[in-house]
Amino acid sequence: MSLVTFDHCVIHVSDWERSNAFYRDVIGAQVIENGAGFVYRIGAAQLNCHGPNLQPDPKARIPVPPGGSDLCFTWQGRIDGAIAHLAKVGVAIELGPVQRIGVGGKGTSVYFRDPDGSLMEFISYA
């Protein structure tokens, strides 16, 4: 049994309004104001965001630039539901469906990009 669980990671965004809409409408995140910026809650995890008008402390030694992240989210249901959802919200699939391995074992994934160009993945274990 592990003494730790994953809590959050940090992504960089270049435009709050555009990113808030994407993570809310495409990923299904709860968008929460956090001082001059925002955080995105997704299930039991959170994406903290560094973006315009923020000076985080402490800073990463080599900060990830907007578009430099690679994130995977579990899709609850069959992958064809994720494909239909992405089509409905106008997000192009870059790759997939393809077989991958994630925390739930073998799954099927589709890949797409956020507005800054970060790689996003929906994986389904259904």
Just the number, please: percent antiparallel of the DSSP beta bridges in segment 4-92, rounded to the nearest 5.
65 percent
Hey, what did the chain get for relative contact order, percent, Cα under 8 Å, at least 6 apart?
24 percent
Neighbour cut-off at most 12 other Cβ (10 Å), DSSP loop, trypsin sites (Lys or Arg not before Pro), segment 46-99:
Lys59, Arg61
Gain on full stretching of the segment that runs from Val89 to Leu119 - 0.36 nm per residue minus C-alpha separation
9.1 nm
Kindly express, to the nearest 10 degrees and within the range 0 to 90, the angle between helix 79-88's C-alpha long axis and the longest C-alpha principal axis of the chain.
60 degrees
Could you bin all the Cα-Cα distances of the chain into 10 Å bins starting at 0 and give me the percent of pairs in each, rounded to whole numbers?
12, 42, 34, 12, 0
Compute, for the chain, the length of the dipole vector about the Cα centre, with Cβ point charges of +1 (Lys, Arg) and -1 (Asp, Glu) only. Units Debye, rounded to 20.
280 debye
Considering only C-alpha atoms, what is the centroid distance from segment 87-126 to segment 1-44, in Å?
17 Å
Quick check: residue separation of Thr5 and Arg41 times 0.36 nm, minus the Cα distance between them. What number comes out in nm?
11.4 nm
Chymotrypsin sites (Phe, Trp or Tyr not before Pro) within segment 27-110: which are DSSP loop residues with at most 15 other Cβ atoms inside 10 Å?
none
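A short reminder: the numbers here are calculations on the coordinates, not readings from a lab. Fair warning: this is a prediction, and the values are worked out from it, not measured in the lab. Methodologically, a virtual Cβ is constructed for each residue, glycine included, from the backbone with ideal geometry; neighbour enumeration extends over all protein chains shown.
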